[in-house]
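The values are calculated or read from the model by the stated rules, or taken from the named source; none is laboratory data. Bear in mind that the values here come from a model prediction, so they are computed numbers and not experimental data. Cβ coordinates were reconstructed from backbone atoms using ideal geometry, including for glycine residues, and neighbour counts include every protein chain displayed. Note: accessible area is taken over every heavy atom of the protein model, side chains too, but ligands, DNA and RNA are not part of it. Shrake-Rupley method; radii C 1.70, N 1.55, O 1.52, S 1.80 Å.
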Amino acid sequence: GWQVLTKSGGLSYILPCNRLPVQLMSQVRVYTSNGQKKDLGSEDTNGSARGETLHKAETGRQDTTNAGQKQSLPKQPIQVKVKAVLKKREYGPKYTQNNFITGVRAINEFCLKSSDLDQLRKIKRRSPHDDTETFTVYLRSDVEAKSLEVWGSPEALARERKRRKEAEIKYRENLFRNQRLLWEYKEFFGNTKPRSSTAAMFFKGPGKVVMVAICINGLNFFFKLLAWVYTGSASMFSEAIHSLADTCNQALLALGISQSARTPDPSHPYGFTNMRYIASLISGVGIFMMGAGLSWYHGIMGLLHPHPVESLLWAYCILAGSLVSEGATLLVAINEIRRSARAKGLSFYQYVVQSRDPSTNVVLLEDAAAVLSVAVAATCMGLTSLTGNPYYDSVGSLGVGTLLGTVSAFLIYTNTEALLGRSIEPEQLQRLTELLESDPVVRAIHDVKATDMGMSKVRFKAEVDFDGRVVTRSYLEKQDIEQLLQEIQQVKTLEELEAFMLKHGENIIDTLGAEVDRLEKDLKQRNPDVRHVDLEIL
């Protein structure tokens with residue numbers, strides 16, 4: 001047990017009393033980190049009389065008790081274990097000069113020529129692009145030194161940057177002016193440029209449906225307008241306004257289709273596919289304002305101020321022709337949606353509700369509303385001709401307006417949801433999650449988000465917890481183990497250990513980046529709808 005308490009120079013020792021010889025030192029030496037030693041026994045040269053007396057008494061008592069054992073106790077050397085700690089490095093601005101920079105940035109930011117870069121050290125790094133495996137980069141410090149060599153001083157480099165910036169602004173102004181002159185030249189002499197790929201979009205798929213609808217609705221508006229002028233029917237006026245609204249809205253859809261085909265630029269890196277949804281949203285608002293609003297207004301005015309309707313024979317003939325033409329356009333839209341829904345593995349209803357193709361949806365709903373409104377108008381006009389009561393005709397106008405309002409509300413809702421960035425279907429999100437979690441390199445995934453960007457384009461984002469052991473094994477499988485063992489055996493100092501760890505640590509980070517690229521590529525290959533993948537490392 002711990003029984004004997006001995007004090008020496010202010011230090012307390014608790015010694016086991018199990019018949020073991022005990023040797024006390026009158027002085028304790030402590031070595032500090034700077035190599036100097038302190039003598040705790042003589043720390044206070046004068047010392048207190050009480051402490052000195054106590055020390056002598058305890059020493060004498062101990063000497064009396066263990067007089068015979070002191071001589072037999074060998075003096076053991078004091079062993080001090082020193083923990084080797086790598087000095088913490090202070091990373092200043094100069095350390096970032098070891099960063100890499102691409103050739104394009106070196107030429108643009110430091111005003112160099114491609115021939116100037118030929119003399120610099122070239123480093124092959126893993127490419128962030130899918131079409132290339134590696135690409136060449138340069139050390140930023142080398143590029144900065146070369147720029148100073150070429151331009152002489154930082155002030156001269158700054159002046160050259162300013163001059164190039166002004167030249168770029170002037171070039172853009174001249175480019176805009178030349179484009180304006182070219183447009184005026186084409187307007188005056190005619191455009192003989194071959195048909196572009198954008199124009200080819202209107203001969204297949206949704207573009208074809210929209211163009212057919214524009215032509216048919218334009219003709220229907222013309223003939224319905226003539227019938228309204230001849231008969232004065234409120235229902236016929238509503239039908240004419242309906243056809244005009246359809247024609248204008250479908251022309252707007254055609255503009256949205258052409259704009260959505262534009263290639264992405266630095267200002268819009270994800271492209272212009274949402275232009276179709278924007279055009280469809282404006283089209284829905286247009287249907288509500290022009291179609292439903294005017295129909296309700298004309299129907300209410302007919303109820304407040306009824307007037308007799310003239311001969312409806314020509315109106316019936318024009319309505320019959322409109323029914324056939326609108327029905328033909330409706331069949332074209334139905335066939336296109338069925339084909340697209342079958343390709344996506346969706347039902348007809350799911351494809352329409354999810355607004356997968358907003359342009360075709362607008363044509364489908366507008367033509368369906370047109371067919372129903374023709375039936376409503378014909379029924380109310382028939383009741384008016386049979387009874388001679390003009391109120392039936394006004395009620396038909398209100399019915400057409402209500403139908404158009406319902407269609408416009410549906411279009412506004414579905415396109416607004418698409419523009420807000422809704423999530424994909426839970427089943428599809430589950431498949432993407434399981435694909436990631438089944439990979440050995442992934443330990444867990446968190447904060448998964450998959451957004452439908454429109455037109456069957458999905459953006460997938462997740463935070464991934466990678467298994468460092470699997471990543472390290474993947475790196476070791478590509479290394480020469482015998483050579484790696486020799487490098488480990490040659491490590492003798494802290495500097496050599498630091499160099500070894502820095503070399504292989506950077507390579508392991510590159511291996512982790514390659515694993516991220518592999519996962520992104522697998523997601524895109526197995527799910528063609530996934531166009532953009534953002535995997536964040538936890």
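Taking amide hydrogens as placed 1.01 Å from N in the peptide plane, the amide H of ILE445 sits under 5 Å from those of ASP465, each at least 5 positions away in sequence or on another chain.
Against the criterion of solvent-accessible heavy-atom surface with a 1.4 angstrom probe, TRP296, TRP314 sort, most first, into TRP314, TRP296.
Computed over protein heavy atoms with a 1.4 Å probe, the accessible surface of the range 284-410 works out to 46 Å² per residue. What the phi angles of the range 298-307 give under the Karplus curve with 6.51, -1.76 and 1.60, with θ = phi - 60°, is a coupling list of 5, x, 5, 5, x, 6, 6, 10, x, 9 Hz, glycine and proline written as x. Converting phi to 3J(HN,Hα) with the Karplus coefficients 6.51, -1.76 and 1.60 and the offset θ = phi - 60°, the range 326-331 yields 5, x, 5, 5, 5, 5 Hz in sequence order, with x at every glycine or proline. For VAL530, the amide hydrogen comes within under 5 Å of the amide hydrogens of VAL458, counting only partners 5 or more places away or on other chains and with H modelled in the peptide plane.
First measure r as the distance between the Cβ atoms of GLN483 and ILE123, then evaluate 1/(1 + (r/R0)^6) with R0 = 30 Å and state the FRET efficiency to the nearest 0.05.
Numbers: r = 22 Å, r/R0 = 0.72.
The formula returns an efficiency of 0.85 here.
Surface calculation, 1.4 Å probe, protein heavy atoms: TRP228 sits at approximately 70 Å² accessible. Taking only protein heavy atoms and a 1.4 Å probe, the accessible area of the range 426-537 is 52% carbon and sulfur.
In a shell of Cβ-Cβ distance under 12 Å around PHE500, excluding PHE500 itself, what net charge do Lys and Arg (+1) and Asp and Glu (-1) give?
Overall, the nearby charge balance is -3.
Checking the cross-link pairs LYS204/LYS224; LYS146/LYS170; LYS124/LYS478; LYS124/LYS503 against a 19 Å limit on the alpha carbon distance flags LYS204/LYS224; LYS146/LYS170 as lying beyond it. Each residue of the range 345-354 is assigned a 3J(HN,Hα), and the resulting list reads x, 10, 7, 4, 5, 4, 5, 6, 5, 6 Hz, derived from the Karplus form 6.51 cos²θ - 1.76 cosθ + 1.60 (θ = phi - 60°), x at Gly and Pro.
Per residue and in Å³, how big is the convex hull formed by the alpha-carbon atoms of the range 198-420? Before the final figure, lay out each step's value.
On the way: hull volume 25.0 nm³, N = 223.
Here the figure is 112 Å³ per residue.
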